[in-house]
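What follows is one structure encoded as structure tokens, with my remarks underneath.
The values are calculated or read from the model by the stated rules, or taken from the named source; none is laboratory data. This one's a predicted model, so the numbers in the text were calculated from it and none came from an experiment. All Cβ positions, glycine included, derive from the backbone under ideal geometry; neighbour counts span all protein chains shown.
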């Protein structure tokens, strides 16, 4: 894209939906320029929300994680796939509905706060997020409940996620195991489905045409933005590398090396 067109596209953005893993940090290490970029958005009046497929943490845990990297955000600036999943269930099932859950504290808190009863026995729904401590028995029981008729819900389809030691299995890997064991496909709530994007737009009071979707994954972040009608921005600091982007059918509107590169170009666009 010509520099003038690039600057024009960035200058038109009024809001931003930002993925976290691979964009703001890798594991416990902030990607250089993260704090400065968020400060830039605040200073320029560009509203943002951090929308992550990571279902393991509560918003406050994400606040604390970012604070440990000297990045300051508020809980209301964070939307997780756990919160989006709980919101989805609240729209189709009454409070007190029995849910068998595979996942971490982030998913547990979201479901409990939404009024659902978490059970180890018979359930109407099996909800699966990433679980770092999952064992065969838990997956076996989830499969048995799905086979018994429980509806199968997945927080997100990410087969992997980037960590400080490399690319490791994600929630999508657990979903694939359970799908193979039950012959039932899960209903996916997180990106690339549009539910999270739509919730983020509502929280921001934003319009799709002037809200950018910023992420590091073509098949989730970028595809979700495209499906929801948002301009899309890819950074190459996480899962997607340059050769993957070049060969993919999913093509973002704008591509940057990392968040510091985006910050520099965006500032040039606004300062002329």
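Can you name every one of the helices (runs of 4 or more DSSP H) wholly within the range 156-267 that holds 1 or more residues which are under 16 Å from the mean Cα position of the chain (by Cα)? Write out each step before concluding.
Numbers: elements: 171-182, 195-204, 223-227, 242-247.
It comes to 171-182, 195-204, 223-227.
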Meets criteria (at pLDDT 95 or above, under 30 Å from residue 232 (Cα atoms) and in contact with a helix residue (DSSP H, G or I) (Cβ under 9 Å, 6 or more places away or on another chain)) for residue 206
yes
Given the conditions (1) buried (at least 24 other Cβ atoms within 10 Å of the Cβ); (2) farther than 17 Å from residue 79 by Cα, report the number of the one that residue 224 does not fulfil.
(2)
